[in-house]
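K.L.:
Got a structure for you, written out below as structure tokens; questions coming shortly.
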Amino acid sequence: MTEIIYNSWVSKYKRQFGAVLVGTALEFDVMLKSDHQVEVNIVVQFETGFKAYEKMTATADHTYHITLTNLTEIGFYKYYFEIIEFDGPHKYRYFYGATDIGGGEGVIYADEISVVPYTQTIFLKSEKAPDWYREAIFYQIFPDSFAKKYFFNQKDNIFFYGKETDPPYYIREPNGDITHWTFYGGNFLGIIEKIPYLKSLGVTALYLNPIFEARSSHRYDTSDYMQIDTVLGSELEFKQLVEALHQNGMRIVLDGVFSHVGRNSKYFDFDGQFGGQGAYQTQTSPYHDWFTFYNYPNDYKSWWGIKDLPTIDKTNESFQQFIYGKGDSVLNKWNSFGVDGWRLDVADELPDTFIKGIRDNLEKMPDKVLIGEVWEDASRKIAYEQYRKYIYGDGLHATMNYPFREIILDLLTGKTRPEVAAKKVMQLSENYPKDVFLNNFNNIGTHDTERILTMLGESIPKLNIAVGLLMTLPGVPTIYYGDEAGLTGHKDPENRAFFPWNNINEETKKLYQKWVEIRKATPVLTSGDISLFYSNEIFGFIRTDGTQTALFVFNVSNQGVMVDFKELTFLTESIEVEPFFLAAFESVYKIK
């Protein structure tokens, strides 16, 4: 009878845990008991590159050991174990790899082609995000729909809602194309007026969806990167907003949409409104080589086939200089207003060299953060058949942590058990460089998703847990505007309704305030490691940084439960959990 034990989350079997700096030695130990003579090899492969079989050395206590010092490529390696048993003249070959989740304890595979490998991240350098960023409570504002102090329109051919309580609606052609964009008219002066409200929530930083000139209310179809959209206000009013936020101890991050522009933009000028100098109007346009035409002018590359959004060639040097290279570049202009960072739209569609160029630009100024929109595990992201390197150093400080949102929703809607949720969080902790994991921009809802309250069937108890997890799991929490006020809605445009200033749900607002206070009162949440545990009804974790330890226990069942330590399963052995766990109930937060 053969017994095999390996666990990538436990130091007895693997040292170091998780992602490591390039040049770090890694030790692996596999415990294998067999009645036969055996040979154990570790099989290592870099992404889709080379594959090597390296023999492990038998040591005491049925353990096979190896130290690897040759993982020198930035990215991630795949590995698993090959076992060869000799039974007299017979030889049996089988394998030990990971489960579908990825890390932790593994399983035996009869053939190599079926093996799910473990993975090992190798990164270039630790990411030092600005100090203010890790401690921030972000609030995401969809500028058209948050607040307005006055109404003054200089845009042509658009419609405005009659009342702020009107539901979001687009005017479409029979084929689905939007013919007229509808606006609520939110603006900068409205945001300034609501700073006291934001402070009452505990918010310390804003992330604004695009603010530059565009035809639509979402403004992801940029018309002119150098101009503020006139519905929002003027450059002077934007400067007033930045200064007012800074005077109130708050920061501001802008949305950079550099993958594509609007068809009716200055650069493409489909309808000729910009004077006929765009790429669509003339092949002598200074912007012509920014775009890819298959058959000029009507057949061109566009974002996901949406003809309203022509795709830009980000490898084009002229475009790179325009965005971040020249002294009068887009980034330099708006950075001069004192903005504190950028969130890059569809970061997967920006080449790593382009992202590095933006990062190099920001590095010239203090305390600016760079966040990327990534919907999957960014440490394992493949886009356009390329392994992305943007979180391994010299790229993004952080990515939008949509995987956390998925885990939280699946846990609270019963799609997944606490065991699976805990293991998925642990796997992300293993995959990401520690600093990036702690930097990640966490959310439970954005302008691209359904409202959290809608997803939870408008259950306030479930919302309480969702917000609790948002505020206490590793990463920087972000509140989507209006979630705290009780807004509901499915995807765009329903999730972009105007903020209900005259009908705020005080119960949900107080819930958010409570969890923000807990976040701010517990410094370990900005920097601490995580140790996860679970039972059939409990999802919990311990956050510790060597000086402070905090315990959070979430009951995800629909009834009260008695927490018995002996029934909990811990995924790691990072601290002496039992005495701490038993004592902690006297003084820490318990969520029923």
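The values are calculated or read from the model by the stated rules, or taken from the named source; none is laboratory data. Just so you know, these numbers come straight off a predicted model, no measurement behind them. For neighbour counting, all protein chains shown are included, and Cβ atoms are generated from backbone atoms with ideal geometry for every residue, glycine included.
K.L.:
Looking at segment 28-103, what strands (runs of 3 or more DSSP E) fall wholly within it and have at least 2 residues that are surrounded by 13 or more Cβ atoms within 10 Å (Cβ to Cβ), aromatic (Phe, Trp, Tyr) and out of contact with any Lys or Arg (no Cβ under 9 Å at 6 or more places or on another chain)?
P.N.:
Details: elements: 37-46, 51-55, 63-68, 75-87, 90-97.
Qualifying strands (runs of 3 or more DSSP E): 75-87, 90-97.
K.L.:
Next question. For segment 145-264, which fully contained strands (runs of 3 or more DSSP E) count at least 3 residues that are in the same structural domain as SER329 (by TED's automatic domain parsing) and within 29 Å of GLU135 (Cα to Cα)? Before you say what the answer is, go through the steps one by one.
P.N.:
Details: elements: 178-180, 205-208, 212-214, 222-228, 251-256.
Ranges flagged: 205-208, 251-256.
K.L.:
For a quick check of your reading of the model, give me the residue pairs whose first member lies in segment 214-225 and is in contact (Cβ under 8 Å) with a residue 60 or more places away in the chain, whose second is in a strand (DSSP E or B), with beta-carbon atoms closer than 6 Å and at least 6 apart or on different chains.
P.N.:
SER217/PHE183; ASP221/ALA214; TYR225/PHE212
K.L.:
Here's a check for you: in segment 125-137, which residue that is in contact with a Ser or Thr (Cβ under 6 Å, 6 or more places away or on another chain) and surrounded by fewer than 24 Cβ atoms within 10 Å (Cβ to Cβ) is nearest to PRO167 (Cα to Cα)? Even if it seems obvious, please write down each step before you answer.
P.N.:
At the first step, the residues of segment 125-137 found to be in contact with a Ser or Thr (Cβ under 6 Å, 6 or more places away or on another chain) are 134-137.
Still in the list and also surrounded by fewer than 24 Cβ atoms within 10 Å (Cβ to Cβ): 134-135, 137.
Numbers: ARG134: 36, GLU135: 35, ILE137: 28 Å.
It comes out as ILE137.
K.L.:
Further question: Out of (1) in the same structural domain as GLY489 (by TED's automatic domain parsing); (2) assigned to a loop (DSSP other than H, G, I, E, B); (3) touching a residue at least 12 places away in the same chain (Cβ under 8 Å), the odd one out for VAL116 is which?
P.N.:
It is condition (1) that VAL116 fails.
K.L.:
Quick one: count up the residues across segment 104-113 that are more than 21 Å from PHE437 (Cα to Cα) and outside any strand (DSSP E or B).
P.N.:
Total satisfying the criteria: 5.
K.L.:
Let me ask something else. Mind checking whether some residue in segment 333-349 is surrounded by 20 or more Cβ atoms within 10 Å (Cβ to Cβ), in the same structural domain as THR204 (by TED's automatic domain parsing), touching a residue at least 60 places away in the same chain (Cβ under 8 Å) and on the phi > 0 side of the Ramachandran plot?
P.N.:
yes
K.L.:
Now, a different point. Residues to consider are ASP289, ASP271; find the one that is more than 28 Å from SER234 (Cβ to Cβ), among the charged types (D, E, K, R) and surrounded by fewer than 20 Cβ atoms within 10 Å (Cβ to Cβ). Can you show your working first?
P.N.:
On the way: ASP271 fails: more than 28 Å from SER234 (Cβ to Cβ).
Answer to the check: ASP289.
K.L.:
Could you tell me which residue of segment 372-415 is surrounded by the fewest Cβ atoms within 10 Å (Cβ to Cβ), considering only residues that are of a type in the set (Val, Ile, Thr) and closer than 20 Å to ILE74 by Cα? Full working, then the answer.
P.N.:
Pass one, segment 372-415, residues of a type in the set (Val, Ile, Thr): 374, 382, 391, 399, 407-408, 413.
Now drop any that are not closer than 20 Å to ILE74 by Cα, which leaves 374, 382, 391, 399.
Working: VAL374: 26, ILE382: 12, ILE391: 30, THR399: 30.
Only one residue fits best here, namely ILE382.
K.L.:
Let me ask another. For segment 300-315, give me each residue that is among the polar types (S, T, N, Q) and in a loop (DSSP other than H, G, I, E, B). Step through it out loud before you land on a result.
P.N.:
Going residue by residue through segment 300-315, those that are among the polar types (S, T, N, Q) are 302, 311, 315.
Across segment 300-315, the qualifying residue is only THR315.
K.L.:
Just checking, does segment 503-521 include any residue being farther than 30 Å from SER145 by Cα and either in the same structural domain as LEU463 (by TED's automatic domain parsing) or modelled with pLDDT under 95 (or both)?
P.N.:
Applying the first criterion (farther than 30 Å from SER145 by Cα) to segment 503-521 yields 521.
Checking which are either in the same structural domain as LEU463 (by TED's automatic domain parsing) or modelled with pLDDT under 95 (or both) leaves us with 521.
Yes, some residue in segment 503-521 is farther than 30 Å from SER145 by Cα and either in the same structural domain as LEU463 (by TED's automatic domain parsing) or modelled with pLDDT under 95 (or both).
K.L.:
Which members of segment 255-269 meet the condition of being over 19 Å from LEU350 (Cβ atoms) and either small (Gly, Ala, Ser) or free of Cβ contacts under 8 Å to residues at least 12 places away in the same chain (or both)?
P.N.:
none
K.L.:
Sticking with this one: Of the conditions (1) in a loop (DSSP other than H, G, I, E, B); (2) surrounded by fewer than 22 Cβ atoms within 10 Å (Cβ to Cβ), GLN320 satisfies every one except a single condition; which number is it?
P.N.:
Looking at each condition in turn, GLN320 falls short on (1).
K.L.:
Does segment 323-332 hold any residues that are assigned to a loop (DSSP other than H, G, I, E, B) and either surrounded by 16 or more Cβ atoms within 10 Å (Cβ to Cβ) or among the basic types (Lys, Arg) (or both), and which are they? Step through it out loud before you land on a result.
P.N.:
Just the residues of segment 323-332 that are assigned to a loop (DSSP other than H, G, I, E, B), to begin with: 326-329.
Passing the criteria: LYS326, SER329.
K.L.:
Still on this structure, please answer the following. Considering only segment 415-450, how many residues are out of contact with any strand residue (DSSP E or B) (no Cβ under 7 Å at 6 or more places or on another chain) and within 11 Å of ASN401 (Cα to Cα)?
P.N.:
The number of residues fulfilling the criteria is 4.
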